[in-house]
Structures are given as structure tokens and as C-alpha cells.
Amino acid sequence: MPLELLFGEILHNEQDIEIDSPPLYGTPDQVYRNEDGQLVVVDTKFRAKPEVRFSDRVQLSVYAYMLSTKLKDPEMVCGHGYIRFVRCYGDDPQQQPGMVRYEKVPLLDMETIELMSEVYLRECRDRPGRLNATSDTIC
């Protein structure tokens, strides 16, 4: 486990987050407060290979965006998050079944998330609902 999480405080465990503008919702697996007082988002993945995908980066970034919007203070949310890989199987001899591995992921900037939300809303304007942070598809 990364030191900033180990010495941090867990604030949320699978707690829904929702904002109205833009209409977004999601459920991060964990949200920690690090020693600097910033919130750090963690999401867990169960995959054969412990590789971070672009969709993982978007998902963590949307969670961070929602938190900063709710708090009305972008500085309260860390510029990176973590993907926690569990039960990674594969060619890596260092990865034994059941092992946990954390990968630090730089988040997308808030302007990019706002633009992505606008595109989603424009493309899906005839379909009511909210953008789910875990969705890999538009609409």
C-alpha cells in the first residue's frame, strides 16, 4: 500500500457521489485524506494483467472532479489517484494469486473532464440520465 494511503485516513468506502451540474454520479471504492489534507481516490480492479487503462484514468478523474465540485475547492483533491489491482495473474513472477498492487495514476485536469461531460451530454441529450463514472461508453 502506498505510504500516503497507509498513513492517511479513509473517509469513504464505496459511498455514492453525485453532482447536478454537470449531472454526474459514481461510487469510488475508497477516498482517503492524505497527510497534506488532500483527498485521494482509489478504485479496485480485478484483472489478469495489472495494467492501467485510459478508462481507469477517466474514472478516477471523474470521481476527483465530483469531489472537488462538492467541496467547492479543487485544491482539496489530489492530482493523482490509485488503481488497486487484486488477484493479478499473468507472466510476472512477482505477482502471485491474491496479491494486491497499487498503481499511481495522474488525473486528467478539470477542464478536460468538463469538456468530456459536455460531449457526453450533447450526444445523449435525448436519453435522460446522468453520466456514470464507470461507463466505458457514451450513452
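A short reminder: the numbers here are calculations on the coordinates, not readings from a lab. As the structure is a prediction and not an experimental result, all values here were calculated from the model. Cβ sites come from the backbone with ideal geometry, for glycine too, and all protein chains shown count toward neighbours.
With labels modelled as points extended 7 Å from the Cα through the Cβ direction, what inter-label distance (nm, one decimal) is found for GLN38 paired with LEU71?
1.0
Can you list the aspartates and glutamates whose alpha carbon sits under 16 Å from that of LYS104, skipping same-chain ones fewer than 8 residues off?
GLU4, ASP29, ASP43, GLU51, ASP56
Each residue of the range 31-38 in order: what ³J(HN,Hα) in whole Hz does its phi give by Karplus 6.51 cos²θ - 1.76 cosθ + 1.60, θ = phi - 60°, with x for Gly and Pro?
Values per residue, Gly and Pro as x: 10, 10, 10, 7, 5, 7, x, 8 Hz.
Between PHE46 and TYR102, what length comes free when the chain is fully extended (0.36 nm per residue of separation minus the Cα-Cα distance, one decimal in nm)? Write down the numbers at each step before the final one.
Numbers: separation 56, 0.36 × 56 = 20.16 nm, distance 1.20 nm.
Taking 0.36 nm per residue and subtracting the Cα distance, the gain is 19.0 nm.
Take the alpha carbon gyration tensor of the range 3-127, find the square roots of its eigenvalues, order them as a ≥ b ≥ c, and report rounded if a/c is under 1.5; if not, report prolate when a/b exceeds b/c, else oblate. Write out the running numbers ahead of the final one.
Details: a/c = 2.30, a/b = 1.41, b/c = 1.63.
The shape class here is oblate.
Using Cβ counts within 10 Å as a stand-in for footprinting exposure, how do SER55, SER61, SER117 rank, fewest first?
Values: SER55 12, SER61 24, SER117 18.
Going from sparsest to densest Cβ surroundings: SER55, SER117, SER61.
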